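> Right, I'll just put the structure down here and ask away after.
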Amino acid sequence: MKKMKILLPLLATSFLCAASGKSIYDKTCAGCHGYQAEKIAAEHSKAIKGMSVEKIISDVEQFASGEKKAMPIAKIYKKNLLDRYSKEEIRSVAEYISTL
């Protein structure tokens, strides 16, 4: 019983994080990148399907800061993503994408 009290909150937290990543992706990213991350956004980028978690996070940060060149609309979307969501939520989205 004691183990259940410890494990249940951990399992619930990990489940909620996964759901959060999917819901954020579906709401903010899928329009350009596709629901399976298969689209080439604005016909200028690579499909993000198959990218590692770290690569996704790095690209979002570099596009948002202007360190990496992107179309102005892509920069705006990435900056808004970083402004709106926590680092943990961004990681959750990247983790979700990496499972597609």
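Derivation of every value follows stated rules applied to the coordinates shown; laboratory data play no part. Everything numeric in this text was worked out from a predicted model, so none of it was measured. FYI the Cβ positions are ideal-geometry reconstructions off the backbone, even for glycines, and counts take in every protein chain you see.
> Return the aspartates and glutamates within reach of LYS46: Cα separation strictly under 20 angstrom, same-chain partners fewer than 8 residues apart disregarded; answer none if there are no such residues.
Output for LYS46: ASP26, GLU38, GLU54, ASP59, GLU61, GLU67, GLU95.
> While we're here: On each of the three principal axes of the Cα atoms of the range 39-100, give max minus min coordinate, whole Å, ordered largest first.
27, 24, 16
> Can you compute the modelled spin-label distance between LYS49 and GLU95, with each label point 7 Å from Cα toward Cβ, in nm?
Taking the simple label geometry, LYS49 and GLU95 are separated by 2.3 nm.
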